[in-house]
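One structure is given here, and the rest of the page talks about it.
The values are calculated or read from the model by the stated rules, or taken from the named source; none is laboratory data. These figures come from a predicted structure and were not determined experimentally. Here Cβ is always computed from backbone atoms with ideal geometry, including for glycine, and neighbour counts include all displayed protein chains. Areas reflect the complete protein model, heavy atoms only, side chains present, ligands, DNA and RNA absent. Shrake-Rupley method; radii C 1.70, N 1.55, O 1.52, S 1.80 Å.
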Amino acid sequence: MKNKRVYFDNSATTPVDPEVVQEMQPYFGSIFGNASSFHFFGREAGKALEDSRAKVAALLNAEPSEIIFTGCGTESDNIAIFGILNAYGKKGHIVTSKIEHHAVLYSCKRLEELGYEVTYLDVDKDGVVSVDDLLKAVKDNTLLVTLMHANNEVGAIQPIEEISVALKTINEKRKDKIYFHTDAVQTTGKIHIDVKKLGVDLLSLSSHKFHGPKGVGALYIKKGTNIAPVMFGGHHENGIRPGTENIPYIAGLAKALELANRRITDQNKHMLHLREKLKKGIIETIPEVIINGSNEKAVSSILNVSFNYIEGEAMLLKLDMEGVAASTGSACASGSSEPSHVLSAMCVDPVASQGAVRFSFSHQNTEEEVDYVLSVLPKIVESLRAMSPVWNTKKQGS
Ligand code: PLP
């Protein structure tokens, strides 16, 4: 199967759905106005903007006034975190976890430089935080809890609903509310997001993770949330995200979310089937592999496997030569020789962590693609292990 191309890196990004491209098309052509302009062209663009906002709000069980459009998931996270703290106007304490995406983790590191105190919660071997640990971490001066909905490397789903219920009880007895933000970039379009059910104050999402265009995201901000801008300019997006709105991409995001929510059940069943088939095939044909995280407590789109005695980056190169796209973890951290902060937090052995590969699926992947990957993987692993002195010594000894 030469020239075969298999894309198993859907947690990094997804191809844009043709229906989404079609939806965006008019806004690159005849409907080109600036949504803030008074005239007909502006009103037309403004209607597209507000229709998209209403659509996204309805899909998340929010009000249109609670949705702002942003440039990406990273921007949504930054606006949420710094926006809440700017509004408080005083230093305090933030609770997050050790497994956040760098958009949150590095924001928290910056907060420490600015004089805030941050608690980074541990996770268990499955990559899940403990609600008890979180509640114990809360202090009198805690201003914000920011915790991802599902992790981007292992897929672990966090107990967001349980935490929001517990924080509500704590907030009833406090003057300064502890706001709760979740980064739902890896769950939007894979789990039905109902912001009321989740009970969060802020929720970030990113269009390119669910077959929408890159460079556009959204942030849910619950009515009554005290948030200040972190960028300054015009009055766009309730004054929280100034800058002329990107109407084609926003219309694309709304369409992509509509399509993703519509296919969610079938898609999850399909991805689960592919993930289990790949997992079973790997375990049956390759010795010394470790499945990282518990797939029962995770989104169905991610399989993270450690191939002992191999460098994950070397695996990716070999896979790429066979036409298979996967990743060692977060796309934003690829090229970094540091072991994954997520796997370290899950206490995965550093050697196993070096050999970790993330396969991530979408509804567009097929069983035939899994079969193809399973046909090339054992040879790749064997050839790479043949170069490992540790593996060779071990083999001779057994
Ligand atoms: N948060 C999570 C959990 C992610 O997986 C990603 C992207 O991988 C981001 C945030 C950043 O999103 P974006 O690429 O839209 O900035």
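Points to keep in mind about this one:
- Rounded to the nearest 10 degrees, the angle from helix 102-113 to the longest Cα principal axis of the chain is 70 degrees.
- Over 30 Å (Cα to Cα) - which of K222/K277; K4/K277; K297/K394; K55/K91; K136/K277 fall in this group: K222/K277; K297/K394; K55/K91; K136/K277
- Reachable aspartates and glutamates, given that their alpha-carbon falls under 16 Å from the alpha-carbon of K223 and they are not under 8 places away in the same chain: E63, E66, D194, D201, E237
- Values of log10 I(q)/I(0), in the order q = 0.16, 0.24, 0.29 Å⁻¹, for segment 1-56 under a Debye, Cα-only, solvent-free model: -0.65, -0.98, -1.12
- Summarising the label geometry, the points placed 7 Å from Cα in the beta-carbon direction at E368 and E161 lie 3.9 nm from one another.
- Residues in segment 254-261 carry Karplus couplings, in order, of 4, 5, 4, 5, 4, 5, 5, 5 Hz; the curve used is 6.51 cos²θ - 1.76 cosθ + 1.60 with θ = phi - 60°, and Gly or Pro positions show x.
- Taking all protein chains into account, the per residue accessible area for the chain stands at 43 Å² (1.4 Å probe).
- Using a Förster distance of 22 Å, the FRET efficiency for E117-S344 (Cβ separation, nearest 0.05): 0.50
- Shape of segment 1-110, Cα gyration tensor, a/c cut at 1.5: oblate
- Descending principal axes extents, the chain, alpha-carbon based, whole Å: 74, 54, 33
- Whole-percent carbon and sulfur share, accessible surface of segment 173-257, 1.4 Å: 54 percent
- Between S375 and K395, the modelled label-to-label distance comes to 2.4 nm, taking each label 7 Å out from Cα in the direction of the beta carbon.
- Packing, as the average of other Cβ atoms within 10 Å across residues, places the peptides 233-244, 16-27, 90-101 in the order 90-101, 16-27, 233-244, highest first.
- FRET efficiency, 1/(1 + (r/R0)^6) with R0 45 Å, evaluated for N3 and K223 via beta carbons: 0.25
- A simple spin-label model places the labels of D320 and Y106 2.1 nm from each other, with each point 7 Å out along Cα-to-Cβ.
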